Amino acid sequence: MNFQDELNDKQYEAVSAEDRFLRIIAGAGSGKTRVLTYRIAFLIGEKFVSPGKILAITFTNKVAREMNERTKSLLPGYNVSHLSISTFHAWCARFLRKEISVLGFPKNYVIYDEDDQLRLIKSIGESFGYKKTDDMNKIAMSWIGAKKTLGQLPSDVKISVVNAEQEKKLLKYFEEYERQKAEAKALDFDDLLIYTIKILKNFEDVRERYLYRYEHILIDEFQDTNDLQFELLTYLIGPNTSLYVVGDPDQTIYTWRGANQKIILDFDKVFPGTRSIILNENYRSTNEILGAANRLIANNVDRIKKDLFTRKKGGERIVVKNLDTAVAEANFIGNKIEEIKAAHPEVSYKDFAILYRSSYLSLRVENALTTRRIPYAVYGGLKFYSRREVKDCLAYFRLLMNEDDNVSFDRIANVPKRSLGDKSLLLLKQEANNAGLSYFRYVLEIDKHQSELKPAILKSLTKLKDLTLETQEKLKENLEAYSEVLDRYLKDLGYYDYLESDEDDDDDRIDNVRALIDDIRNFLKSNVDSTFEEYLQNVTLLSSQDDMDGSDKVSLMTAHTAKGLEYEYVFVIGLNQGVFPNQKAIDERRKSGMEEERRLAYVAFTRAKKELFLTLNRDYSYVSGSNNQPSQFIKEAGLDSVPLFQSTLRASGNGSDRIYKYNFDQGNKSGLYKTQTTETNTIDLNNIGNGITWHVGDVAVHRVFGEGTVTEVEGDIITVVFRDFGKKKLLGQHPALSKKGD
């Protein structure tokens, strides 16, 4: 292949550069994925790098799959089966399947998604005396998530003086959350990164293996990397590893989830000798759209300057429409879609996207589309694997693999109905706790215990036990396809009957379960070396974009969800001050919040290939207590037409100068992002023995697990309950252990 013929000059420079550290600043629509894919093909086809020596990290599974397929098509005749293209979380999940046993954790762990986490948090809240609906549970969920995004576990938390009482309560939640999760052999998303880093940081033999594993590491969407992900990278970059990062600081829109824009902005300071290449030729949008986007983003300070351009000629002017009401705004959108479809029969509904800052804005638009019988799909909401019936089935399947998963049991305990009311379920849990067993393991052994549960409940639980043990045996025999065994399990449980009898349900729920069974069949068929446990782990890692099936429907989504996508016709709605830009984001983070809102609008505008429509309304806002005002982004993009704003001013009764007199605090420039390095000490396995005599109640300090309390001493084996890692059985004389106070 002649790579130079396939790429423009800057793209070819980016693909063929031989510098060890490369930062590719790839503007919207500049062929970022193309450059990454061709770079991989160039390394394999031209530089003869073994595919197994290349690691490419993307931010969605959808992009990872696309890159994998594109690479294969560019390299016919090459075996690229060992090429690793995945998300950070998926890579960590694979790593942990191989290495997690060094932490005393089983390889058949389950991954809890947000729904599972909240279910566990609510259960913990109940044990603390809170109702399931209490706001304290959501506060705890958010607080724990924020701490773990920083890589913190309970022992790392420092209680602030300002909010000490509240944080003490939240820390108790955190400790109990980690304890119960460990007992259930479960990890959450943050654990995938935290545990991977723990292993690479503390186990030199593992670290050495991975330090020399990859010759080339390529990172997509590098502007969205957070500190924890960057720390992981530092453990994979060996003395001869080349690091190739691609991203656009102007599209950093996830700082509220931990993304650190300084990582890409200061990459050349962290890695001296970095070569930076800017890709600014856009192949997606018209000059009209790019001009507005360039003018808008130029108002930001924290960025690497670039102006997008295109060689395309022509292009429709951007339409800015200010309507009297939100209903009128929605009707304009519905009418415009019908108008374009009538004028251009070749245009499909899937060529349209409607983007908004917040999900609640979709309601009026959905009504307008439904009235016109325009098919649409809302993305960024409920994912396929998050639907109730799919979650139910996955909970049953996870229990087949892991009998200690209390969260999954809690979900299906009374689904289908087993006469297990709240009181009976509480009694079952108490009996299980008294027996020292997980809830489901107790059910599987229930005939060995004197239970006070009613006979009808015991009968239904015995049926569940028998079906489960029978299914587990069939899965071990592996004589039938897993999908068939699992499908029969659901039928015998009465789950299909349960869905059919539920008056609130429709046929879609049964179809969703059948789609899940097909998905399992296809996964195991396509990934012959993978296990069913891996399937269960993988489905938890999928993003909103992974649900997009290409069907002919108008796409509705938040601007965040739209990142990386493109459509012929794009409507960005709700462009009112306080809505987009979002007032809460500005209040919370001042200058940095405004800059991120502007980046988000830039992302939204640059999704459009052919035509861009910006809509707003001058309806009364109960949030501001006045009529809506146009977003400052319209003026900043150079789209403030006189008729539009004069009509708005008359309606709201304000003077023309008042609309744009915003006084946003500029804040302070933050310092450079710096790589943190920590010294690690290795264990000399030839010199085992610490000379400690252990007693129940002693505080043990482990080099990896931190502090914990000794609860049992059996000869040389001690049982320790750690704050961050739950209960572990350890060799008392291991040199990694010391006793606090000695």
Against the 2.2 N^0.38 Å scaling, with N counting residues, where does the stretch 182-245 land? I'd like the Cα-based Rg ratio to two decimal places. 1.22
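Between rounded, prolate and oblate, where does the stretch 102-174 land on the alpha carbon gyration tensor, with a ≥ b ≥ c its root eigenvalues, rounded for a/c under 1.5, else prolate if a/b exceeds b/c? Walk me through the numbers before you get to the answer.
On the way: a/c = 2.12, a/b = 1.23, b/c = 1.73.
Oblate, since a/c reaches 1.5 and b/c is not below a/b.
Work out the length of the dipole vector of the stretch 310-351 about its Cα centre, built from +1 on the beta-carbon of each Lys and Arg and -1 on the beta-carbon of each Asp and Glu, and round it to the nearest 20 debye. Working shown, then result.
Numbers: 8 positive and 7 negative charges, 80 e Å.
Charge dipole, the stretch 310-351, about its Cα centre: 380 debye, nearest 20.
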Here the net charge surrounding GLU215, from other residues whose Cβ is less than 10 Å away from its Cβ (Lys, Arg +1; Asp, Glu -1), is +3
Of ILE263, ALA368, ILE278, farthest towards positive along the dipole that unit charges on Lys, Arg, Asp, Glu beta carbons give the stretch 257-407: ILE278
Backbone N under 17 Å from the ASN163 label point (7 Å along Cα→Cβ), restricted to the stretch 110-147: 135-147
Residues in the stretch 551-580 reached by a label modelled at ILE304 [backbone nitrogen below 19 Å; 7 Å Cα→Cβ]: 564
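With r defined as the distance between the Cβ atoms of LYS584 and LEU363 and R0 fixed at 25 Å, what FRET efficiency is calculated, to the nearest 0.05? Don't skip to the end; give the middle numbers.
Numbers: r = 19 Å, r/R0 = 0.77.
Working from the Cβ atoms, E equals 0.85.
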For the charge dipole of the chain, defined by +1 on Lys and Arg C-beta atoms and -1 on Asp and Glu C-beta atoms about the Cα centroid, which residue among GLY238, ALA456, ALA298 has the Cα displaced farthest towards the positive pole? ALA298
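Rounded, prolate or oblate: pick one for the stretch 354-424, where a ≥ b ≥ c are the square roots of the eigenvalues of its C-alpha gyration tensor, a/c under 1.5 means rounded, and failing that, prolate if a/b is larger than b/c, else oblate.
Working: a/c = 3.22, a/b = 2.56, b/c = 1.26.
Prolate shape, in that a/c is at least 1.5 and a/b is the bigger ratio.
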Distance (nanometres) between label positions extended 7 Å along Cα→Cβ at ALA736 and SER626: 6.2 nm
In Å², what does the accessible area per residue of the stretch 46-133 work out to with a 1.4 Å probe? 46 Å²
Whole angstrom only: what separates the Cα centroid of the stretch 189-223 from the Cα centroid of the stretch 30-84? 20 Å
I'd like the antiparallel share, as a percent to the nearest 5, of DSSP beta bridges with both residues in the chain. 30 percent
For the chain, what is the per residue volume of the convex hull drawn over the alpha-carbon atoms, in cubic angstrom? 200 Å³
Rounding to the nearest 20 debye, state how big the charge dipole of the stretch 372-487 is about its Cα centre with +1 on each Lys and Arg Cβ and -1 on each Asp and Glu Cβ. 780 debye
For labels at ILE139 and THR234 in the simple 7 Å Cα→Cβ model, what's the distance in nm? 3.4 nm
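Quick one: length gained pulling ALA17 to THR711 fully straight, 0.36 nm per residue minus the C-alpha distance?
Values: separation 694, 0.36 × 694 = 249.84 nm, distance 5.82 nm.
Full extension of this stretch gives 244.0 nm more.
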Residues of the stretch 94-118 with the amide nitrogen closer than 14 Å to a label point 7 Å from the Cα of LYS729, along Cα-to-Cβ, please. 104-106
XL table LYS10/LYS610; LYS201/LYS739; LYS336/LYS553; Cα-Cα > 19 Å flagged, in table order, is LYS10/LYS610; LYS201/LYS739
Can you list the lysines whose alpha carbon is less than 18 Å from that of LYS463, not counting same-chain residues fewer than 8 positions off? LYS417, LYS448, LYS454, LYS474, LYS491
Can you pull the accessible area of MET1 for me, 1.4 Å probe, Å² to the nearest 10? 110 Å²
Specify whether the C-alpha gyration tensor of the stretch 440-511 places it in the rounded, prolate or oblate class, a ≥ b ≥ c being the square roots of the eigenvalues: rounded for a/c under 1.5, otherwise prolate if a/b is larger than b/c and oblate if not. oblate
Give me the number: length gained by fully extending ASN434 to HIS695, i.e. 0.36 nm times residue separation minus the C-alpha to C-alpha distance, one decimal in nm. 91.6 nm
Tell me the Rg and the Dmax, in Å, that the Cα atoms of the stretch 1-138 produce. 21.5, 68
How far apart, in nm, are two points set 7 Å out from the Cα along the Cα-to-Cβ line at LYS459 and at ASP266? 6.9 nm
Any chance you could give the angle, 0 to 90 degrees and rounded to 10, that helix 189-202 forms with the longest Cα principal axis of the chain? 70 degrees
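The values are calculated or read from the model by the stated rules, or taken from the named source; none is laboratory data. It should be emphasised that the depicted structure is a prediction, and the values quoted were computed from it without experimental measurement. We place every Cβ from the backbone using ideal geometry, glycine too, and count neighbours over all the protein chains shown. For the accessible areas, the whole protein counts, side chains as well, though only heavy atoms, and no ligand, DNA or RNA atoms are used. Shrake-Rupley method; radii C 1.70, N 1.55, O 1.52, S 1.80 Å.
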